[in-house]
Amino acid sequence: GFTSKADPQGSGRITAQVIEHLERLALVDFGSCEAVARLEKAIAFADRLRAVDTDGVEPMESVLEDRCLYLRSDNVVEGNCADELLQNSHRVVEEYFVAPPGNISLPKLDEQEPFPHS
Amino acid sequence: MAAPMLRWVGRGRLWTFARVDGGSCHRREAPTGSTSNWIRGQSSVAQQPLCMTQKPRKGEHKWAAVVGLEIHAQISSNSKLFSGSQVRFSAPPNSLVSFFDASLPGTLPVLNRRCVEAAVMTGLALNCHINKKSLFDRKHYFYADLPAGYQITQQRLPIAVNGSLTYGVCAGKKQSQVIPKTVRIKQIQLEQDSGKSLHDDLRSQTLIDLNRAEGQLRVDANISVHHPGEPLGVRTEVKNLNSIRFLAKAIDYEIQRQINELENGGEILNETRSFHYQLGCTMSMRDKEGKQDYRFMPEPNLPPLVLYDATSLPAGADPQQVINIDQIRETLPELPSVTRERLVQQYGMLLEHSFTLLNEVGLLEFFQNVIKETRAEPKKVTSWVLNTFLGYLKQQNLAVSESPVTPSALAELLDLLDSRTISSAAAKQVFEELWKREGKTPGQIVSEKQLELMEDRGALEQLCHSMMEAHPQVVMDLKKGNPRAINKLIGLVRKATQSRADPAMIKEILEKKLSS
């Protein structure tokens, strides 16, 4: 898990490398020390699950596991609201949403402003 | 190649992993299902590296290639997999999009019953084990045509696993021999499609259409090479191949590329490649951002999908809300492999004939209609349908439905042949006339062109006699023991009768005369 990757000694610190990786994956900006500290606390909190002995216990897949999955009949009942949906878009060309081209590369770590991580 | 009746058109996607060649499977957990032209990244599963304690010398060991296919097939349904918007081709952009399809906050996926039935049918048709419980997951990646930031798929526990498909490979001279082969199906899963991106490089923008009904069958190929007995090699993925021909070319190229690379001491990278149609080669599409991590998690808004069979069906359950695998199995039409077997058993035809009959749309029905209406032997019908009839169709590039000759017409023609009213050569003539679409029946053509076989044996005997008298040198050749001379005589007599005499009878009469 992440704890061992971040700090094998278990002090719960996350490396700058992991932060960079997470930022790229989730497009979240850990812009401050406090944000990283919050993350480390969240991981420590979740790690308390390991205190429970789960040997031989099937993991729960879904909190909805006792519910029935509702099956919808194959009828057309919605759609046809392009105008309404396109109003949400900052830019529109004819009836298309406009997005920036392709994937924009994130700046490399050393290209960013120095990130206060101690 | 025989295709099972799995023609999917519409929204929602079915996946199958088909394994070609033996050996253990690629441990593929994270298929990348992109519909756009851009890279999505690679699988999050690391492959076992090739054991390279020694660089293999050129030609020292044999290479074995392992190929896995990911097939994306759209389901034929009225509405989408998780929403009630319509599935339709060529609709105005974003007109078939509901709030859920646009990923507006607060919307939830609602599973389409028809899509589940379709998945079960596919699984049954492909001899899979249907998982009575299957799960939905989220596969995360960022792209403009995926507004939610994730795709709902079935990564952990798909709806069907461990199937197989029998197909035929044409081999031998003239590709006429069919060798039956089997491919393993690793799994079938239901998943969402992403939208469509149109890249406008000029204005540096991308136009997004979230309708998502493309109607294509897409295939991605996973390829690796290894020495038999050694662990599997690193695999590459070649994406978005839209025709069987290019699929084959891309796979052949990639196998050779990997072998060449390894034999020259290089290494294979676990990467995505695209096939360059004009150059006939694969090229790396590696995303500079590095390996993709899809951060799979269970779809929190969908409980497990539970399917039932006749024994487990809960009493008093709402039939609309339960899916009975046994009931679906009963609605399956006769599968091609069963049909082919039946044709071989029932009509004594060769296996390759059964493949041909099933590979042409409407041909089987045509054949069966002729069989119904004619007295002629099935083998004769098979021969005429597969050789003469199909030959004419192919020559003029026509579908069976466009044929000028109806099953009834062919049946009538075969009856005339069977009753020895006309000769085989005359029958071919009649067929050619029928093809002209002049509305005449075989019977009419026969009488108009006077193609009836000579009934009068006496007249035929006289004709043979006069022919023998007219060609004494041929008769002498025959008496000397030249077997081919009789064919010349038969030919002469036939010509004289304008092909109205049965060559077998001519031969018999001639031989009798010669021996007397």
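Listing for the model above:
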quantity: Any strands (runs of 3 or more DSSP E) falling wholly within the stretch B:169-212 and containing at least 3 residues that are polar (S, T, N, Q); calculated: B:177-191
quantity: Residues (aliphatic (A, V, I, L, M), more than 10 Å from chain A (Cβ to nearest Cβ) and closer than 27 Å to B:S103 by Cβ) located in the stretch B:289-325; calculated: B:M297
quantity: Residues of the stretch A:67-90 that turn out to be at the interface with chain B (Cβ under 8 Å from one of its Cβ atoms) and in a loop (DSSP other than H, G, I, E, B), as a count; calculated: 13
quantity: Set B:Y347, B:Y294, B:Y308: member being within 28 Å of B:A427 (Cα to Cα) and of a type in the set (F, W, Y); calculated: B:Y347
quantity: Which listed residue is over 23 Å from B:V120 (Cα atoms), in a loop (DSSP other than H, G, I, E, B) and not aliphatic (A, V, I, L, M), from B:N301, B:N270; calculated: B:N270
quantity: Single unsatisfied condition, B:E117 versus (1) within 14 Å of another protein chain (Cβ to nearest Cβ); (2) surrounded by 18 or more Cβ atoms within 10 Å (Cβ to Cβ); (3) under 27 Å from B:R295 (Cβ atoms); calculated: (3)
quantity: Elements of type helices (runs of 4 or more DSSP H) in the stretch B:424-516, at least 2 residues being out of contact with any His (no Cβ under 8 Å at 6 or more places or on another chain) and closer than 29 Å to B:L393 by Cα; calculated: B:424-435, B:442-448
quantity: Residue match in the stretch A:32-52 (condition: at pLDDT 90 or above and part of a loop (DSSP other than H, G, I, E, B)); calculated: yes
quantity: Subset of the stretch B:427-448 (residues that are of a type in the set (G, A, S) and touching a residue at least 24 places away in the same chain (Cβ under 8 Å)); calculated: B:G443
quantity: Matching residues in the stretch B:361-397 - criterion: being surrounded by fewer than 20 Cβ atoms within 10 Å (Cβ to Cβ) and touching a Phe, Trp or Tyr at 6+ places or on another chain (Cβ under 8 Å); calculated: B:I371, B:P378, B:K379, B:T388, B:Y392
quantity: Some residue of the stretch B:228-251 being crowded, with 17+ Cβ neighbours inside 10 Å, of a type in the set (A, V, I, L, M) and within 13 Å of chain A (Cβ to nearest Cβ); calculated: no
quantity: Selection from the stretch B:142-162 of residues that are in a loop (DSSP other than H, G, I, E, B) and more than 9 Å from every other protein chain (Cβ to nearest Cβ); calculated: B:L146, B:A148, B:Q154, B:Q155, B:P158, B:I159
quantity: Residues that are within 17 Å of B:D456 (Cβ to Cβ) and of a type in the set (A, V, I, L, M, F, W, C), drawn from the stretch B:481-516; calculated: B:V493, B:A496, B:A501, B:A504, B:M505, B:I506, B:I509, B:L510
quantity: Residues of the stretch B:82-98 satisfying the condition of being surrounded by fewer than 24 Cβ atoms within 10 Å (Cβ to Cβ), more than 7 Å from chain A (Cβ to nearest Cβ) and of a type outside the set (K, R); calculated: B:F89, B:S90, B:A91
quantity: All positions within the stretch A:66-80 that are over 20 Å from B:V87 (Cβ atoms) and either among the basic types (K, R) or touching a residue at least 40 places away in the same chain (Cβ under 8 Å) (or both); calculated: A:R67
quantity: Criterion violated by B:V322 - all others in (1) at pLDDT 90 or above; (2) within 30 Å of B:A125 (Cα to Cα); (3) touching a helix residue (DSSP H, G or I) at 6+ places or on another chain (Cβ under 8 Å) satisfied; calculated: (3)
quantity: Filtered residue count, the stretch B:186-204, keeping only those that are within 14 Å of chain A (Cβ to nearest Cβ) and touching a Lys or Arg at 6+ places or on another chain (Cβ under 8 Å); calculated: 4
quantity: All positions within the stretch B:99-110 that are of a type outside the set (A, V, I, L, M) and either out of contact with any Phe, Trp or Tyr (no Cβ under 6 Å at 6 or more places or on another chain) or at the interface with chain A (Cβ under 8 Å from one of its Cβ atoms) (or both); calculated: B:F99, B:F100, B:D101, B:S103, B:P105, B:G106
quantity: Residues located in the stretch B:234-267, provided they are part of a loop (DSSP other than H, G, I, E, B) and either modelled with pLDDT of 95 or more or not aliphatic (A, V, I, L, M) (or both); calculated: B:R235, B:N242, B:S243, B:N264, B:G265, B:G266, B:E267
quantity: Residue in the stretch B:268-283 that is within 23 Å of B:Y143 (Cβ to Cβ) and either charged (D, E, K, R) or within 10 Å of chain A (Cβ to nearest Cβ) (or both) present; calculated: yes
quantity: Members of the stretch A:28-64 that are touching a Pro at 6+ places or on another chain (Cβ under 6 Å), within 14 Å of chain B (Cβ to nearest Cβ) and either closer than 28 Å to A:T15 by Cβ or surrounded by fewer than 12 Cβ atoms within 10 Å (Cβ to Cβ) (or both); calculated: none
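Residue by residue, here is whether (1) in contact (Cβ under 8 Å) with a residue 12 or more places away in the chain; (2) surrounded by 14 or more Cβ atoms within 10 Å (Cβ to Cβ); (3) farther than 14 Å from B:T356 by Cα holds:
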position	(1), (2), (3)
B:K139	yes, yes, yes
B:D145	yes, yes, yes
B:T153	yes, yes, yes
B:G163	yes, yes, yes
B:Y167	yes, yes, no
B:K173	no, no, yes
B:K181	yes, no, yes
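The values are calculated or read from the model by the stated rules, or taken from the named source; none is laboratory data. Keep in mind the model is a prediction, meaning the values are calculated, not measured. With ideal geometry, Cβ positions are generated from the backbone for all residues, glycine too; neighbour counts draw on all protein chains shown.
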